[in-house]
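The values are calculated or read from the model by the stated rules, or taken from the named source; none is laboratory data. Since this is a predicted model, take the numbers as computed values, not measurements. In this analysis, Cβ positions are derived from the backbone assuming ideal geometry, glycine residues included, and neighbour counts consider all displayed protein chains. With ligands, DNA and RNA removed, areas are computed over all heavy atoms of the protein, side chains included. Shrake-Rupley method; radii C 1.70, N 1.55, O 1.52, S 1.80 Å.
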Amino acid sequence: MLGCGGEPAAPANPRSTPETARLQALLGTRPEMPAGFSDRARDHWQPPFTPSSGTCRKVFAFFSGRPPKEELSAASAVTYQGDGVGSMAVVSLAVYRGNESARQLDVLRGALDRCPTADDTTPGAGNRLTSATLAVNEDGWVTRRLKGRVGGYPYEMHVVLARQGRTLVGLMNAGVRAPDVKRTEELGRLFVAKVGTLDL
């Protein structure tokens, strides 16, 4: 689309679109979280370390609220604190134009496949998470378990990526104590269903 001067119109900032406002309202309301999690949304996830691998960094970036920008029209990300040490549910939502959400799901699936180990860029830090399968009872979800040590403590993250229409839904269930897979499934279903109510 051209403006009066004949230059292409600048795309809307995905952080300030009406769609983003709807995502923020959805995540900010009391989402009836499963037992063991606060239902008050907090700021987006802050990764505990920066992975040395670029593909691992792409996955961490998505969950910290920085999704791939191609055809992105809205984005929002929050965390919900859990009862255990370091326990939290991380939610990242990204709305794309056209069928781009399907392509970006494939891009992030590929990034996870090429991230067998996420280790720290800081020499001697000792932060290291190794990828393994995570079996869930949902078709179409991309899932992975990242397990190892962070900050000297055992740490595990369950990663879920799913599509709901034009929206890419990311859910991470993480903590020092190994997260429960059934709880991860419950969280994933909750937020996929909630996004579906927006009809984006």
Item to complete: Would you work out if the stretch 73-128 is rounded, prolate or oblate? Take a ≥ b ≥ c from the square roots of the eigenvalues of the alpha-carbon gyration tensor; rounded if a/c is under 1.5, else prolate when a/b is larger than b/c, oblate otherwise.
Response: oblate
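Kindly identify the chain as rounded, prolate or oblate by the Cα gyration tensor criterion: order the square roots of the eigenvalues as a ≥ b ≥ c, call it rounded if a/c is under 1.5, otherwise compare a/b with b/c, prolate if a/b is larger, else oblate.
It is prolate, given that a/c is not under 1.5 and a/b is the larger ratio.
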Worksheet entry | Relative contact order, percent, the stretch 88-199 [alpha-carbon distance under 8 Å, six or more residues apart] | 27 percent
Worksheet item: Helix 181-196 versus the longest principal axis of the chain: what is the Cα-based angle in degrees, 0 to 90, to the nearest 10?
Response: 10 degrees
Worksheet entry | Accessible carbon and sulfur surface of the chain relative to its total accessible area, %, 1.4 Å | 50 percent
Worksheet entry | Accessible area expressed per residue, the chain, with surrounding protein chains retained (probe 1.4 Å, Å²) | 49 Å²
Worksheet entry | Gaussian network model of the chain, springs between alpha carbon atoms under 10 Å - residue of Asp180, Asp43, Asp139 with greatest fluctuation | Asp139
Response to the item:
Protection proxy (average C-beta count within 10 Å per residue), highest first, orders 33-41, 69-77, 20-28, 164-172 as 164-172, 69-77, 20-28, 33-41
Worksheet, complete the sentence: Helix 100-113: inclination vs the chain longest Cα principal axis, degrees, rounded to 10, gives 20 degrees
Discussion item. Can you classify the stretch 41-106 as rounded, prolate or oblate using the Cα gyration tensor, where a ≥ b ≥ c are the square roots of its eigenvalues, rounded means a/c under 1.5, and otherwise it's prolate if a/b beats b/c and oblate if not?
Written reply: oblate
Worksheet item: By how many degrees, between 0 and 90 and to the nearest 10, does the Cα long axis of helix 54-63 differ from the longest principal axis of the chain?
Response: 80 degrees
Worksheet item: Among Arg128, Arg149, Arg30, whose mean-square fluctuation peaks in a Gaussian network model of the chain (Cα, cutoff 10 Å)?
Response: Arg30
Worksheet item: Count of lysine pairs in the chain with Cα atoms under 24 Å apart, counting only pairs 8 or more residues apart in sequence or on different chains?
Response: 5
